[in-house]
Amino acid sequence: MRAIKRREFLSGAALAAGSVLLTSRIAFAGSGTRPRFVFVILRGALDGLTAVPPYADPSYARLRGEVAIAVPGAPGGAFKLDGLFGLHPSLAFLNESFAAQELIVFHAMASPYRERSHFDGQDVLENGCARAQAVQTGWINRALAALPPDRSARRGELGIALGQNVPLVMRGPAPVASWSPSHLAALDEDTLQRITDLYSTDPILSQRLADALSTQSVADASQDESMMGGAEENSPAQLLARREQPKARGGAPYKEVIHATASFLKSDDGPRVAVFDAMGWDTHANEGGAQGQLAARLAGLDAGLRTLKEDLGPVWRDTVVMIATEFGRTAAVNGTRGTDHGTAAAAFLLGGAVHGGRVIADWPGLSERALYQGRDLAPTMNMHSALKGVLADHLAVSTRALDTSVFPDSAAAKPLQGLLRA
């Protein structure tokens, strides 16, 4: 439960208003337990120096000013991880997960991108290459395409994207599913039956409709479980039969996505990899410290991750969740009490399959000469190394595929070892 110091590090080296489903032919590797992987993208550039404050760095409080997080034990202080790093006080679940050895915290981590454009930074984060616009496919999809067949996956769709669009990271040759929360009124059973009858003579449209209704029913079931406080097992036929029950869609699409993610991953023949994103991390002004807008967003993320664990139940033990952002933010606070676009950031590896309770950081320090271009936390760890470690050990993606097709021309980024439980 400590940071890895520099010497040790270097030596250790959806179909209309709901869902869109594509046909498939890929399946999953391995036997026995079926590992699950969730990739959460924090769009807008998370301030890693606030989420994971290096409270013992001698330059931290001076650079951060009024947004600095106090030392552990002080009012509004960080949760202590080790002698250097803490967690923001809004991240209570992540702190519990760290103590339970189900969380690894990475710091001073970055993708190969070194500029400060959200658009290009997110493109590099998702395309798995060294530069923006290099390819039009994503590294998760290419990883799925590299897996050997497994006939237990329904229609072979091993991945699902949850949100309004399928993000680049999930686009590519491997067939995947997508689902988005709908805020439209549910179809009444008579209308649904008429549509079903209309499509019944067309083998393609009828199958697509059945697939879409089945996927939406899985998501709807997660809403029912949340409302009822239980996790009743349901067959697709049972789920479809309950479509007439009113759904509390409310005003919390983020929570709805979390519930749906868990429902899809729990399904015996469902996808094993899920992607969703959270917006609003671009804190140029009035960022706040222990309290304020960033604290509120961190609290929402923390609550969502707690819900994901609770909803997954026993499946959690086979789950890995990677939470990452396109780049970090400046080390110093700007004139509007916020932070500007930076370079290195913090990231999190969470789950029952994670060998956690550790901070992994080749910490460069925050002294003036240690800052990247005199303003940013310097990147000392390639995010591809962490992702390779997870994909190799958790999803059994081959080294050759990782170095050539999943993360092209990345042989120099060696996989981090020991991230998962034996």
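Since every read-out is calculated from the coordinates, none of them should be taken as a lab result. Only a predicted model underlies this, so the values are computations on that prediction, with no experimental measurement involved. Here the Cβ is made from the backbone with ideal geometry for all residues, glycine too, and neighbour counts use every protein chain on show.
Sorting GLU287, GLU157, GLU96 from the fewest to the most surrounding beta carbons within 10 angstrom yields GLU96, GLU287, GLU157. Using C-alpha pairs below 8 Å separated by at least 6 residues, the relative contact order for segment 72-114 is 22 percent. Geometric descriptor of segment 326-422, per residue, is 127 Å³ (volume of the convex hull of the Cα atoms). Anisotropy class assigned to segment 35-164 is oblate, per the alpha carbon gyration tensor with a/c at or over the 1.5 cut-off and a/b no larger than b/c.
Net charge in the neighbourhood of VAL135 (other residues with Cβ under 11 Å of its Cβ; Lys, Arg +1, Asp, Glu -1) is +1.
Taking neighbour Cβ counts within 10 Å as the exposure measure, how do ARG337, ARG131 sort from fewest upward? If I rank by nearby Cβ atoms, fewest first, I get ARG131, ARG337.
For ALA274, the amide hydrogen comes within under 5 Å of the amide hydrogens of PHE37, VAL38, PHE39, ILE160, counting only partners 5 or more places away or on other chains and with H modelled in the peptide plane. Extending 7 Å from Cα along the Cβ direction at ASN334 and again at ALA285 yields two label points whose distance is 1.0 nm. Between THR33 and ARG317, the distance separating the two model label sites (each 7 Å from Cα on the Cα→Cβ line) works out to 0.7 nm. Subtracting the Cα-Cα distance of ALA303 and ALA92 from 0.36 nm times their residue separation leaves 75.1 nm of extension gain. Distance between the modelled labels on ALA74 and ALA99, one decimal in nanometres: 2.2 nm (7 Å Cα→Cβ projection). If the chain linking ALA56 and GLN164 were pulled fully straight, counting 0.36 nm for each residue of separation and taking away their Cα-Cα distance, it would gain 34.8 nm.
Placing one equal scatterer on every Cα of segment 29-90 and applying the Debye formula, the log10 ratio I(q)/I(0) at q = 0.17, 0.19, 0.21 Å⁻¹ is -0.62, -0.70, -0.80.
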